[in-house]
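First comes the structure, then the notes that go with it.
A short reminder: the numbers here are calculations on the coordinates, not readings from a lab. Everything numeric here is computed off the predicted structure, so don't read it as measured data. A quick note on method: Cβ atoms are made from the backbone with ideal geometry, for glycine too, and the neighbour counts reach across all protein chains shown.
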Amino acid sequence: MNAFESLRMQMSRRYFFNRSATGLGAVALGSILNPNLFAATPSSPIPADGGFGSMPSLHHVPKAKRIIWLFMADGPSQLDLWDYKPGLKDWFDKDLPESVRNGQRITTMTSGQARFPIAPSLFNFSQHGDHGAWISELMPHMAQRANDIAIVKSMHTEAINHDPAITFITTGSEIPGRPSLGAWLSYGIGSPNQDLPSFVVLISRIASGAQTQALFSRLWGSGFLPTKHAGVSLRSAGDPVLYLSNPPGVTAASRRNMLDGLVELNQERLGAVGDPEIAARIAQYEMAFRMQTSVPDLVNIADEPKHVLDLYGPEVTEPGTFAYNCLLARRMAERGVRFSQVFLRGWDHHGGLPHNIRQLCKAADQPCAGLIQDLKQRGLLDDTLVVWGGEFGRTVYSQGTLTKENYGRDHHPRNFTMWFAGGGIKPGIVHGETDDFSYNVTEKPVHVHDLNATILHLLGIDHEKLTFRFQGRDFRLTDVHGKVVTDLLA
């Protein structure tokens with residue numbers, strides 16, 4: 001049998017796809033190593049902040065270097081916190097006019113109700129700051145920081161249920177599997193601190209008995225980007241990261257020797273098959289080794305003076321609390337972590353809202369205000385963007401039984417409120433407006449894609465140019481939509 005015939009006999013279907021995969025891996029690795037395949041280079045290159053990301057330069061001069069997103073998971077009620085509607089007192093227990101709803105879809109949790117009785121907020125509002133923003137009595141500490149924040153009342157989204165809504169705002173798509181905002185930032189501009197991940201997630205414990213939705217790790221995942229760009233979730237008990245500590249009998253030196261040997265094996269395999277995930281795995285092992293020193297230092301707050309701890313409230317020394325996590329977010333900002341996302345769950349108030357929202361605000365209000373003040377007094381607020389908000393808002397009508405002292409609110413995607421501080425945001429403003437029922441946006445709407453486009457802009461990134469080719473298409477965080485909200489820029 002001649003050589004050609006012998007080769008033809010070996011070319012089974014399995015053999016063909018195995019060899020093809022090797023070539024595709026090399027192509028994928030090449031696309032990662034060549035940033036020009038996904039990002040346009042500005043005419044006057046701006047250094048990408050030493051972050052060692054894939055972008056060789058920023059698209060324009062950044063206003064912010066890092067982000068802290070205080071994510072209020074489950075959808076806080078804008079009606080009871082930020083969107084003051086005094087006229088609703090005259091509408092108590094009256095039906096929401098059909099001309100307001102205008103046939104818009106609602107969830108299955110309230111679609112079967114015989115009527116939609118209006119529930120005015122039980123809480124008092126007063127004006128604060130030079131711009132006279134109306135803020136609820138539930139947020140007294142944040143009211144004192146009114147001149148530092150931009151309140152956006154005209155946020156809106158398409159998703160009406162928790163999982164697609166939180167997936168949408170964190171990844172730009174209601175369908176799971178896309179990279180999260182933090183992963184895009186890690187991929188694009190990296191982080192100047194090579195001893196900590198560029199994207200860190202902190203999940204705060206919730207009050208006993210509070211209702212909440214699950215948080216899935218894909219919300220801070222890397223999707224189709226290399227896995228090294230995924231967020232690292234720190235635990236509130238035991239080792240901050242699983243298996244971070246060496247087991248008994250294993251020294252740092254022996255761990256280093258083991259990793260060196262593992263790197264050699266992985267490099268050999270990478271040369272053979274060209275799989276870019278092997279390169280990502282090598283980088284993750286090295287990061288884990290460096291984190292054995294950097295993470296314990298990060299979470300050790302013993303060096304924080306009492307006057308700083310007092311800013312965050314009485315729970316700041318308890319690991320896992322929202323106050324403690326806000327302090328860690330500030331410590332990460334000092335160390336150059338690009339994106340810190342602090343989750344506080346429990347805002348899913350379908351019933352018993354007045355009692356439950358008091359609990360959440362008691363846990364959230366002072367730490368949020370303390371974080372802003374702490375960043376400001378350290379000179380970090382100017383280049384740190386702080387974002388506060390959840391995945392959607394709450395309805396003006398009550399879910400379930402309505403009384404003078406009690407009510408619940410269903411999901412409401414048509415409008416909700418977020419606020420921003422620092423990092424190039426214009427302070428002391430209120431952006432956008434809603435109708436008399438806090439049901440529809442009437443002025444200056446801000447879509448979820450607009451939000452992400454603006455965040456990327458503040459970090460020096462053109463949201464249309466940070467893309468990644470996957471399955472034959474160039475993907476980006478803002479899909480094919482989104483515009484920068486210039487009114488919010490300082």
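How are the C-alpha pair distances of the range 310-412 spread across 10 Å bins, as whole percents from the shortest bin up? Percent of pairs per bin, in order: 14, 39, 26, 17, 4. Rounded to the nearest 20, the size of the Cβ-charge dipole of the range 386-490 about its Cα centre is 260 debye, with Lys and Arg at +1 and Asp and Glu at -1. Let's test the formula: R0 of 22 Å, r as the Cβ-Cβ distance of VAL480 and ILE175. What FRET efficiency results, to the nearest 0.05? Given R0 = 22 Å and the Cβ-Cβ separation, E is 0.90.
Using the Kirkwood radius built from alpha carbon pairs, what does the Stokes-Einstein equation give as D for the range 73-173 at 25 °C and 0.890 mPa s, in µm² per second? Write out the running numbers ahead of the final one.
Details: Rh = 16.0 Å.
Here the translational diffusion coefficient equals 153 µm²/s.
Run through the DSSP bridge list for the chain and note the antiparallel percent, rounded to the nearest 5. Show your work: numbers first, answer last.
On the way: 25 of 50 bridges.
Antiparallel: roughly 50 percent of the beta bridges in the chain.
Secondary-structure-derived ellipticity at 222 nm for the chain, considering helices only, amounts to -10500 deg cm²/dmol, per-run term -39500 (n - 2.57) for DSSP H runs with n ≥ 4.
Taken about its Cα centre, the chain carries a charge dipole of roughly 960 debye when the Cβ of each Lys and Arg holds +1 and the Cβ of each Asp and Glu holds -1.
When you restrict to C-alpha pairs under 8 Å that are six or more residues apart and normalise by the size of the chain, the relative contact order lands at 28 percent. Taking a ≥ b ≥ c as the square roots of the eigenvalues of the alpha-carbon gyration tensor, the range 169-251 is classed oblate because a/c is 1.5 or more while a/b is no larger than b/c. Counting every other Cβ atom within 10 Å of each residue's Cβ, SER340, SER245 order from fewest to most as SER245, SER340. Loop by DSSP (not H, G, I, E, B), at most 13 other beta-carbon atoms within 10 Å: where is the longest site-free stretch of the chain for trypsin sites (Lys or Arg not before Pro)? Formally, the longest exposed-site-free interval is 116-377. Principal-axis analysis of the Cα atoms of the chain puts helix 162-171 at an angle of about 60° to the longest axis. Let's test this: bin the Cα-Cα distances of the chain at 20 Å from zero up to the farthest pair and state each bin's percent. Taking every Cα pair in the chain, the percentages come to 22, 52, 21, 4, 0. Volume of the convex hull of the range 237-320 (Cα atoms only), normalised per residue: 122 Å³. Projecting the Cα atoms of PRO117, LEU328, MET291 onto the dipole axis of the chain, where Lys and Arg carry +1 and Asp and Glu carry -1 at the beta carbon, places MET291 farthest toward the positive end.
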